Amino acid sequence: MDRFDVLVKDATIVDGSGGPAYRGSLGVRGERVTAIGAVSGIAGTVIDGAELVVSPGFIDPHSHGDVSILKYPLAESKIMQGITTFVGGNCGMSLAPVRGRAAHEYVTRWFDVDITWETFGGFLDTVQATGTSVNVVPLVGHNAIRTTVLGTDFKRRAIDSEITRMQAHVHEAMQSGAFGFTTGLDASPGEYADLTEIVPLAEVAGQADGLYATHVRHNQTQWPADSQEEYAYGLFHGPIEDVWVGRYRGYQEAIEVGRRARLPVQISHLAYAYVIPQPHPDFLAAAVARATVAEFVDRPRREGLRVTFDTIFSPSGIASPAPLVTAFKQALAHYGKAVLVEKLRSPEFRQELKDAYDSGKLKLGMLHPKADPFWADCFELLVFRNQARQGKTVAVLLAEIGGHPVDLLADLILEDPDAVWAQTRDKKRTPPGLAAFLEHPLCMPCTDAFIHPAAPPAGDPTPPPIAYGNYAAYLDTYVKQQAVLSLEEAIHRATGLVAETFGLKDRGILQPGAYADIVILDLETIGMRGDALHPDQPPEGIDTVLVNGQVVYRNKAHTGAQPGKVLRKQ
């Protein structure tokens with residue numbers, strides 16, 4: 001009689017290939033699946049799968065889990081939703097290399113772990129030695145490399161000798177096991193680089209069979225900065241017309257990097273390349289999504305360039321709740337909350353804020369109001385002392401109360417200094433367009449999220465709900481509710497397709513010899529249960545999760561096991 005460590009009996013098996021589901025059993029011995037189909041035997045752990053679906057563990061292709069994995073090695077926010085592997089280092093944000101004071105400051109602003117490494121390989125060794133519950137697919141980030149080489153003198157183009165030094169860091173990372181090179185060209189220091197710098201670095205990754213993953217330039221709603229010294233996420237140094245065509249040009253640049261450097265391109269969190277700021281019908285949003293994919297995925301693929309993409313399947317994107325007072329975040333940082341609230345009573349100070357608003361220098365959340373005249377539709381009051389205002393968008397409140405938007409926000413803060421708002425609508429990707437993106441066979445879901453503990457510490461920023469429930473929401477919405485995808489295809493997009501894109505051997509598939517990264521789920525109850533104010537609710541329908549053959553999650557609780565690995569490209 002066959003003996004297994006784990007035996008899942010009589011389940012619906014969806015193997016990650018995209019092929020039809022079938023009834024069968026699955027046996028695990030050690031780290032691997034050793035038998036699947038008509039299987040019988042005895043095991044230390046036996047799971048009755050009669051009402052359950054067994055699939056490969058989900059692979060998150062665009063995550064920032066590496067930023068916080070040393071702080072939260074159990075990776076509970078990933079594990080509880082069935083993620084067994086994530087790709088880190090995205091948007092140019094890897095935590096290595098890290099040499100020099102500026103690089104240390106860049107890394108430590110993200111997490112409070114002592115830095116004991118300098119090289120990319122050293123960071124990977126540290127993660128593996130610390131232990132984790134989830135597998136890590138590492139990418140090396142441009143921002144980390146640029147900060148290590150240029151330090152604080154980054155508001156310029158790099159010279160040839162500096163590019164050569166940056167290439168050496170990419171080479172070290174690729175030799176240490178990185179799967180590719182990433183950029184984040186919406187923020188500093190990456191925004192100051194151009195193709196003369198990015199292409200040579202991407203070439204090094206390509207020579208080691210790596211890919212280029214990019215958060216493209218102008219991904220967010222932009223407003224141009226007047227001075228090279230002025231920088232922030234969403235500001236850029238370029239012509240004013242790029243407010244409207246910037247993301248389109250950003251995608252053009254991404255394809256050009258792949259073309260010149262001769263390596264595959266993974267477009268991170270794909271959004272609409274064509275901007276329609278005013279309210280519009282659903283069919284127009286769907287058409288924009290289809291046009292985006294046709295132009296920036298299908299067309300270059302016909303030329304022979306391998307282009308793939310992931311996107312965020314949440315109407316609110318990755319936005320999190322924040323105190324309403326952060327609407328004036330520059331003033332808040334300068335004065336502090338108490339002083340700022342008092343200054344909002346001053347007509348002169350309000351005029352200063354109005355001048356900043358009218359000149360496009362007041363950024364609200366992830367939007368610039370002068371770049372999007374309908375920005376107020378996107379923000380909602382989540383917590384407010386006056387219940388009659390709670391739950392309304394800023395646009396509704398402006399219609400009811402009138403006046404300048406700055407006056408409205410200031411008056412609301414004075415009425416309730418502890419009010420909370422959130423950007424609950426991300427117009428870069430709206431539900432009709434997300435469904436249209438999914439029509440494309442290369443579309444992969446992602447979280448774009450950090451790792452968080454089961455219960456975020458008091459005082460920490462509130463994570464977005466998809467940090468805890470993205471994949472449950474994905475299956476619930478696009479398989480059960482809207483039937484955009486079959487269960488088999490939806491799971492393939494989240495498993496086998498990601499493994500194929502990044503070159504992960506024996507992952508993302510259920511077959512004898514594959515690693516036993518497995519999620520066992522109840523499709524009848526699957527769904528995200530967290531919301532904007534309480535994101536950390538375990539999703540429904542995730543019964544059991546295994547990583548490398550060990551049970552790490554069962555009965556909505558983490559087992560404490562840490563069988564995860566740092567996967568290194570060979």
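The values are calculated or read from the model by the stated rules, or taken from the named source; none is laboratory data. This is a predicted model, so every value here is computed, not measured. Counting neighbours? That spans all protein chains shown, and the Cβs are built from the backbone with ideal geometry, glycine included. Note: accessible area is taken over every heavy atom of the protein model, side chains too, but ligands, DNA and RNA are not part of it. Shrake-Rupley method; radii C 1.70, N 1.55, O 1.52, S 1.80 Å.
Can you tell me the dipole magnitude for the chain around its Cα centre, using point charges on the Cβ only (Lys, Arg +1; Asp, Glu -1), in Debye to the nearest 20? Write out the running numbers ahead of the final one.
Details: 52 positive and 67 negative charges, 122 e Å.
The calculated dipole for the chain is roughly 580 debye.
If the viscosity is 1.567 mPa s and the temperature 4 °C, what Stokes-Einstein diffusion coefficient in µm²/s follows for segment 234-336 when Rh is the Kirkwood radius over Cα pairs?
Taking Rh from Cα pairs, D becomes 80 µm²/s.
Would you mind putting 60-73, 273-286 in packing order, based on average other-beta-carbon counts within 10 Å, highest first? Walk me through the numbers on the way to the answer.
On the way: 60-73: 24.6, 273-286: 14.2.
Top of the packing list down: 60-73, 273-286.
Roughly speaking, what % of Cα-Cα pairs in segment 403-480 are separated by over 20 Å, rounded to a whole number?
Above the 20 Å cut-off, segment 403-480 has 54 percent of its Cα pairs.
Structure shown: which of 78/556; 363/427; 343/363; 155/427 lie over 21 Å apart, alpha-carbon to alpha-carbon?
Going by Cα-Cα distance, 155/427 fall outside the 21 Å limit.
Just to be sure I understand the model, the point goes 7 Å from the Cα along the line to the Cβ. What's the resulting residue 196 to residue 454 distance in nm?
5.5 nm
Binning every alpha carbon pair distance of segment 292-378 at 5 Å from zero, what are the percents per bin?
Result, from short to long distances: 3, 11, 16, 16, 13, 11, 8, 8, 6, 5, 3, 2, 0 percent.
Take the Cα of residue 155, step 7 Å along the line toward its Cβ, and report every residue of segment 345-372 whose backbone nitrogen sits under 16 Å from that point.
In segment 345-372, the label zone of residue 155 (backbone N under 16 Å from the point 7 Å along Cα→Cβ) covers no residue.
Mind grabbing the base-10 log of I(q)/I(0) for segment 480-570 at q = 0.10, 0.17, 0.18 Å⁻¹? Debye formula, identical points on the C-alpha positions, no solvent, two decimal places.
Computed log10 I(q)/I(0) values: -0.33, -0.93, -1.03.
Give, as ranges by residue number, the residues of segment 347-369 whose backbone N falls under 11 Å from the point 7 Å along Cα→Cβ of residue 240.
Residues 359-360 fall inside that zone.
Report the gain in length on full extension from residue 284 to residue 500: 0.36 nm times residue separation, minus Cα-Cα distance, nm rounded to one decimal.
Length difference between fully extended and current span is 74.5 nm.
Using only Cα atoms, what is the ratio of the radius of gyration of segment 378-448 to 2.2 N^0.38 Å?
It is 1.50.
How big is the equivalent ellipsoid of segment 1-130 along its three axes, where each semi-axis is √(5λ) from the Cα gyration tensor, reported in whole Å from largest to smallest?
40, 15, 12
With r defined as the distance between the Cβ atoms of residue 130 and residue 165 and R0 fixed at 45 Å, what FRET efficiency is calculated, to the nearest 0.05? If you can, show how the numbers build up before the last one.
Details: r = 29 Å, r/R0 = 0.64.
Taking R0 as 45 Å, the efficiency between residue 130 and residue 165 is 0.95.
Output the direction-averaged projected area (hull surface divided by four) of the convex hull of the alpha-carbon atoms of segment 142-192, in nm².
For segment 142-192, averaging the hull's shadow over all directions gives 3.3 nm².
Do the sum for the chain: with -39,500 (n - 2.57) for every DSSP H run of n ≥ 4, divided by all residues, what is the mean residue ellipticity at 222 nm, to the nearest 500 deg cm²/dmol?
-9000 deg cm²/dmol
Viscosity 1.567 mPa s, temperature 4 °C: Stokes-Einstein D of segment 306-433 from its Kirkwood Cα radius, in µm² per second?
Stokes-Einstein gives a translational diffusion coefficient of 84 µm²/s.
What Kirkwood hydrodynamic radius, in Å, does segment 239-288 give when the mean of 1/r is taken over all pairs of distinct Cα atoms and then inverted?
Evaluated over segment 239-288, this radius sits at 12.6 Å.
Counting only Cα atoms, I'd like the Rg/Rh figure for the chain, Kirkwood definition for Rh.
Dividing the radius of gyration by the Kirkwood radius yields 0.97.
List the relative contact order of segment 110-182 as a percent without decimals, with contacts defined as Cα pairs under 8 Å and 6+ residues apart.
Numbers: 49 pairs, mean separation 33.4, N = 73.
Relative contact order for segment 110-182 comes out at 46 percent.
Would you mind getting me the FRET efficiency between residue 252 and residue 10? Use the beta-carbon distance for r and R0 = 41 Å, nearest 0.05. Spell out each step's value before the answer.
Numbers: r = 52 Å, r/R0 = 1.26.
Step by step, r from the Cβ atoms, then E = 0.20.
Find how much the distance from residue 330 to residue 108 grows on full extension, using 0.36 nm per residue of separation minus their present alpha carbon separation; answer in nm with one decimal.
Here the segment from residue 330 to residue 108 would lengthen by 77.8 nm.
Using a 1.4 angstrom probe on heavy atoms only, work out the carbon and sulfur share of the accessible area of the chain in %.
51 percent
Starting from the coordinates of the alpha-carbon atoms of segment 343-413, obtain the Kirkwood hydrodynamic radius over all distinct pairs and give the value in Å to one decimal. Don't skip to the end; give the middle numbers.
Details: mean 1/r = 0.0786 Å⁻¹.
Averaging 1/r across every pair of different Cα atoms and inverting gives 12.7 Å.
How big is the Rg/Rh ratio for segment 283-343, C-alpha atoms only, Rh by Kirkwood, two decimals?
1.33
For segment 457-509, what is the convex hull volume of the alpha-carbon atoms per residue, in Å³?
It comes to 112 Å³ per residue, whole-number rounded.
Let me check against my output: what whole-number percent is the relative contact order of the chain, with C-alpha pairs under 8 Å and at least 6 apart?
Numbers: 1341 pairs, mean separation 122.2, N = 570.
It comes to 21 percent, rounded to a whole number.
For segment 181-269, which trypsin sites (Lys or Arg not before Pro) are in a loop by DSSP, counting at most 14 other Cβ atoms within 10 Å? Spell out each step's value before the answer.
On the way: sites: 217, 247, 249, 259, 260, 262; in loops: 217, 262.
Counting only loop positions with at most 14 other Cβ atoms within 10 Å, the trypsin sites (Lys or Arg not before Pro) in segment 181-269 are 262.
Quick check on the chain: of the DSSP beta bridges with both residues there, what percent are antiparallel, nearest 5%?
Of the beta bridges lying entirely in the chain, close to 50 percent run antiparallel.
Taking 0.36 nm per residue of separation and subtracting the Cα-Cα distance, what length does fully extending residue 352 through residue 175 add? Don't skip to the end; give the middle numbers.
On the way: separation 177, 0.36 × 177 = 63.72 nm, distance 5.26 nm.
Contour length minus Cα-Cα distance gives 58.5 nm.
Can you check what the Kirkwood hydrodynamic radius comes to for segment 85-199, Cα pairs only, in Å to one decimal?
It is 14.1 Å.
For segment 12-156, calculate the relative contact order in percent as a whole number, restricting contacts to Cα pairs under 8 Å that are 6 or more residues apart.
On the way: 222 pairs, mean separation 33.4, N = 145.
Reported as a whole number, the value is 23 percent.
Which value, in Å³ per residue, describes the convex hull spanned by the Cα atoms of segment 161-240?
Looking at segment 161-240, the number lands at 94 Å³ per residue.
First measure r as the distance between the Cβ atoms of residue 302 and residue 262, then evaluate 1/(1 + (r/R0)^6) with R0 = 25 Å and state the FRET efficiency to the nearest 0.05.
0.90
What does a probe at residue 395 reach in segment 405-427, counting residues whose amide N is under 16 Å from the point 7 Å along Cα→Cβ?
405, 422-427
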